[in-house]
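Worksheet: one structure, shown below.
The values are calculated or read from the model by the stated rules, or taken from the named source; none is laboratory data. Everything numeric here is computed off the predicted structure, so don't read it as measured data. Reconstructed Cβ throughout: ideal geometry from the backbone, glycine too, with neighbour counts over all protein chains shown. All accessible areas refer to the heavy atoms of the entire protein, side chains included, with ligands and DNA or RNA removed. Shrake-Rupley method; radii C 1.70, N 1.55, O 1.52, S 1.80 Å.
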Amino acid sequence: MEFPWRDVAPLPVVVPLGMAAVLAGLGNYIPRRALDIAALLTSVGTVALSLILAAGTVHAPLIYWFGGWKPDARHFPIGIGWVIDPISAGLAAFVALQVTLALLFSWKWFRVVKSLYHVLMLVFLGAMCGLCLSGDIFNLFVWFELMTAAGVALCGYKCHEEGPLQGALNFAVSNSIGAYVTLVGIGFIYAFTGSLNFAGIAAALAARPPPPLFLACVLVFVCAGFLVKSAVFPFHFWLADAHAVAPTPVSVLFSGIMVELGLYAVARIYFGMFAPVFTPHVEAVRVLLLAGGAATALLGAMECFLQHHLKRLLAFSTISHVGLMLIALALLSPAALAGFLLYAFAHGLIKACLFICAGILLHRFGSLDEHVLHGQGASIRGIGVLMVVAALGLMALPPYGTFFASNLVDYARHSEREWIQGVYIFCGALTGGAVVRFALRAFFGLGLKAPVAQATPQHEARETRGDYDRVPIPMALAGGLALALGVLPVALPAYRAAFHTYAAALIGTHLFSAAVLGGPPASIAPSPLLPKLDYWPSLTSLAFALVLVWSVLVPVVRRGTHAVFETWRRFQHFQTGRVGDYVAWLVAGLAAWAALLAVQMR
């Protein structure tokens, strides 16, 4: 008897949203520990359901039509359909895994927590899974907006403090404006094609290509909200403000999966809707994305190395690595797309581990400033070692997935654009070196202790309850699991080859078009590409990072290095914290992106 794959298809979204509704109604009558268990089991169950769907679509994608509105060869698709393949289902499993780690970490996190926290986490999970599986642009937008609403509420969960409310406001306004622009782009697409389904839009655009200027504006408009969500330059200002003040379990999700989902949505939109009609202008798209990725990566890396507050440091590190992922996506080839996906998975788990370490420090010492913590972490140096080991993944050292992903990107550039490898080396060194510097100061007491005036306040508001003299087991377990899961799967060559196989299927949209529009069935052909591994870029990044850390910590050379970074510090004035400034940058950035693409397409 054949397994009923189609019956499982809606469950990765239905299960968390259903449990969220139950907890919303009964949460005030359920003990805290029962709330934790219910939410944790729900996220684990969502991981299992998503993996079942991934296993069932290994050979061919599954198109699930809600309400039985399945089109045939004679009719245009008007129903709501989900596109389920190993990439989308695997990403949904990854989302649920990250939520599981965040819930495990928060087992003893909040002093006072009611069911609202668990409800928001499960709504956030359901929305992200829905975004992963959506096969039409409007429902992609709907899940995106539900995710934003839950994310804003989670960011401002500590509503009795001014900082979280300010961060949540910046998050809400910036992402809402991006969403409005995306909705305008969707309206243009619907007016021109009469469809909201990816395959239907692609077929309509190929049959009647619109003018290049219209194409350029619509592509930028439709992708705008997702670029804001991913914090791509110059839409990135809100992210550091939100990550620095959000509860640590929420920061795990923001950096570990939310920004990656924004870029995934851009990939789905471009390859699912626009790739055929943009064939004559593919180089224009590539130049635009490469420019945006390089600017994001370099700016984020420099800002990261200047930070002394661990959460802000990690937030700017996320911005930098978003730029590196966008560079991989910009090459628009199966190998580069596989590199982007593998990088997203690995980076998400590494960043989850690092934010969990930040939460442990805040729990134990009530501060996240490396000058305040100077040497105080000696009693928990195991956490410091964990941070240093995770930092090696930011430098793309083996055996992390970032190492194999950067090799795929290097293979995809075909000895062209040599600067890409330089950007990966430079940004990996600065972001990884910043984490190593923090760990050496905070846990091992290396380097000079800076004047108190350079440090943030001695004590930040603790969110945890219980004994502050020890590290709770669930916190340490969550951090160790995140790092282990980021390393172990990539040791299997078949795991890495699968990324290239399904990335090639995502780019070759004929599989999904045939399944949606009623064409002849097609299967996914394996393409086990495993390029020769090059260790020199990673070793160069490590050496550069060590030089940077040494130059900052050793008093003899610290003054010269300090002067170099003080020159760059002037650019921090743009990070004003005022939402009006961020909106101005957003609007100017959208105009610049659209103009650059339109000029390239002339």
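In summary, residue 318 fulfils each of the numbered conditions (1) open to solvent by 10 Å² or more (accessible area, probe 1.4 Å); (2) in a helix (DSSP H, G or I) with the single exception of condition (1). In the stretch 1-100, counting only helices (runs of 4 or more DSSP H) that sit wholly within it, the ones holding 3 or more residues that are at pLDDT 85 or above span 11-26, 32-56. Scanning the stretch 354-395 for residues that are open to solvent by 10 Å² or more (accessible area, probe 1.4 Å) and on the phi > 0 side of the Ramachandran plot yields one hit, 375. Looking across the stretch 246-280 at every residue that is small (Gly, Ala, Ser) and farther than 22 Å from residue 596 by Cα, the one that is most open to solvent (accessible area, probe 1.4 Å) is identified as 272. If only residues of the stretch 401-421 that are out of contact with any helix residue (DSSP H, G or I) (no Cβ under 6 Å at 6 or more places or on another chain) and not in a helix (DSSP H, G or I) are counted, the one that is nearest to residue 492 (Cα to Cα) is 414. Taking the listed residues 287, 322, the one that is closer than 25 Å to residue 404 by Cβ and in contact (Cβ under 8 Å) with a residue 40 or more places away in the chain is 322, with no other qualifying.
Just to be sure, is residue 156 open to solvent by less than 20 Å² (accessible area, probe 1.4 Å) and at pLDDT 90 or above? So residue 156 fails the test.
Here residue 249 passes the criteria (1) touching a Phe, Trp or Tyr at 6+ places or on another chain (Cβ under 9 Å); (2) touching a residue at least 60 places away in the same chain (Cβ under 8 Å); (3) within 30 Å of residue 81 (Cβ to Cβ) except the one numbered (3). If you go through the stretch 164-204 and keep only what is open to solvent by 30 Å² or more (accessible area, probe 1.4 Å), in contact (Cβ under 8 Å) with a residue 40 or more places away in the chain and over 17 Å from residue 141 (Cβ atoms), you end up with 166, 169, 173, 194, 203. Within the stretch 281-297, the only residue that satisfies the criterion of being closer than 17 Å to residue 239 by Cα, of a type in the set (A, V, I, L, M) and either at pLDDT below 90 or out of contact with any Phe, Trp or Tyr (no Cβ under 7 Å at 6 or more places or on another chain) (or both) is 297. Among the residues of the stretch 422-439, is there at least one that is part of a helix (DSSP H, G or I), among the aromatic types (Phe, Trp, Tyr), out of contact with any Phe, Trp or Tyr (no Cβ under 8 Å at 6 or more places or on another chain) and under 17 Å from residue 308 (Cα atoms)? Yes, that holds for at least one residue.
Residue check: residue 398 meets all listed conditions (1) closer than 27 Å to residue 477 by Cα; (2) part of a helix (DSSP H, G or I); (3) out of contact with any helix residue (DSSP H, G or I) (no Cβ under 6 Å at 6 or more places or on another chain) but one, namely (2).
Screening 338, 297, 291 for residues that are of a type outside the set (Lys, Arg), open to solvent by 10 Å² or more (accessible area, probe 1.4 Å) and in a helix (DSSP H, G or I) leaves exactly one candidate, 291. Does residue 252 satisfy the criteria of being touching a Ser or Thr at 6+ places or on another chain (Cβ under 6 Å), of a type in the set (Val, Ile, Thr) and modelled with pLDDT of 85 or more? So residue 252 does not fit the description; no.
Here residue 283 clears all of (1) surrounded by fewer than 22 Cβ atoms within 10 Å (Cβ to Cβ); (2) in contact with a Cys (Cβ under 9 Å, 6 or more places away or on another chain) except the condition numbered (2).
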